[in-house]
1. Going by how many other beta carbons lie within 10 Å of each one, how would you line up 129, 105, fewest first?
2. Going by a ≥ b ≥ c, the root eigenvalues of the Cα gyration tensor, does the range 95-149 fall in the rounded group (a/c under 1.5), the prolate group (a/b larger than b/c) or the oblate group?
3. Which of 42, 88 comes first, and how do the rest follow, when ranked by fewest Cβ neighbours within 10 Å?
4. Give a residue-ordered list of calculated ³J(HN,Hα) values for the range 66-83 (Karplus: 6.51 cos²θ - 1.76 cosθ + 1.60, θ = phi - 60°; whole Hz; x for Gly, Pro).
5. If you work out semi-axes √(5λ) of the Cα gyration tensor in Å from the coordinates, which of [x] 32, 19, 13; [y] 76, 19, 11; [z] 35, 18, 13 do you get?
6. In Å and whole numbers, how far do the C-alpha atoms of the range 1-59 stretch along each principal axis, longest first?
7. Test of the criteria: in the range 1-33, which chymotrypsin sites (Phe, Trp or Tyr not before Pro) are in a DSSP loop and have at most 10 other Cβ atoms within 10 angstrom of their Cβ?
8. Determine the dipole magnitude for the chain: charges of +1 sit on the beta-carbon of Lys and Arg, -1 on that of Asp and Glu, nothing else is charged, the reference point is the Cα centre, and the result goes in debye to the nearest 20.
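Any read-out appearing in this document is the output of simple, stated calculations on the displayed coordinates, not a laboratory observation. Just so we're clear, the structure is a prediction, and the values are computed from it rather than from any experiment. Glycine also receives a Cβ, built like all others from the backbone with ideal geometry; neighbour counts cover every protein chain displayed.
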Amino acid sequence: MEDLSKLELYQLMDLVKPVTDPEPVSWLPQTYGWLFLVIILCLMLLIRKWQKKRLYLARQHRFQAISLINKLDDNATAIDISTILKRCALYDFSREHIAPLTGDEWASFLNQQAGQPGLFKSFYSYSQEEISALKQSAIHWLTHYEVTQ
């Protein structure tokens, strides 16, 4: 190496080599383990999305029944509400079990599935003033009943 003390400043500047930037760090996984983890997480996300979609479709008839109950006017009868509830129950339970239920047996079934005894009484005994409370009870039943078969 030559003696740098005898060189002029402009000669020293010519000897300085520019600093090179390091190569950019890749965002790709460095090992197969990270790639495997990303694939597993994506699969779990897709499975969860599929389950939520399936659950939504399985409960869609309940949302439609709630909409029908909300659309009933003040002149609706308890039988109208009972009909909507029975159509919804026929979707989730066996026809052989639901179809023959009427009166007190039907009200007892609704109370049992809602887990609240006394929520419903026989649909033939509601007065016109009690219809709004019956609508609220029906909406409560539609949102809370569990399917047990």
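1. On the way: 129 7, 105 11.
Lowest count first: 129, 105.
2. Numbers: a/c = 2.18, a/b = 1.33, b/c = 1.64.
Since a/c reaches 1.5 but b/c is at least a/b, the shape of the range 95-149 is classed as oblate.
3. Details: 42 10, 88 22.
Ranking 42, 88 by Cβ neighbours within 10 Å, fewest first, gives 42, 88.
4. Using θ = phi - 60°, the values come out as 4, 4, 5, 5, 5, 7, 5, 7, 6, 8, 5, 9, 5, 5, 4, 5, 4, 5 Hz.
5. The listed entry that was calculated here is [y].
6. Answer, in whole Å and largest first: 89, 21, 10 Å.
7. On the way: sites: 10, 27, 32; in loops: 27.
Those satisfying the criteria are 27.
8. Details: 15 positive and 16 negative charges, 156 e Å.
The calculated dipole for the chain is roughly 740 debye.
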